[in-house]
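Undergrad: Handing you this structure, nothing more for now.
Read-outs throughout are calculated quantities, based only on the coordinates presented, and are distinct from any laboratory measurement. In this text the structure is predicted, and so the values were computed from the model without any measurement. In this analysis, Cβ positions are derived from the backbone assuming ideal geometry, glycine residues included, and neighbour counts consider all displayed protein chains.
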């Protein structure tokens, strides 16, 4: 009788550890992250250069009158860095402090920049 109780106790102790594994081929729940996102359109501005921000990109938010001010952490390049240029780009917001004296905007990594034709 003791052997049966001991066997049952060992069996129950190891049963929760035996779980079925998910297949590696299953698709993620949120497939929207894998889709290509459209580029963002913004206007290059030097309006805060006196305060310490040499260049910012102003992005008009959809369905809103608000403007998102992005602070590029790497130089844009001479062909893009002109006041009023409209550019198309991808960006990623960065969790870091603003540059010294630059109080307006959010630091961002700017990639895949193209100049919109017909503008400056």
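Undergrad: Determine, at each q value in 0.14, 0.17 (inverse angstroms), the log₁₀ of I(q)/I(0) that the Debye formula gives when each Cα of the stretch 38-120 is one equal point scatterer.
TA: Calculated log10 I(q)/I(0) at the listed q: -0.42, -0.63.
Undergrad: Using label points projected 7 Å from each Cα along Cα→Cβ, tell me how many nm separate residue 78 and residue 111, to one decimal.
TA: Once both label points are built, they end up 2.6 nm from each other.
Undergrad: What does the extension gain come out to for residue 58 and residue 3, with contour length at 0.36 nm per residue minus their alpha carbon separation? Numbers along the way, then the final one.
TA: Numbers: separation 55, 0.36 × 55 = 19.80 nm, distance 7.62 nm.
Full-extension gain reported as 12.2 nm.
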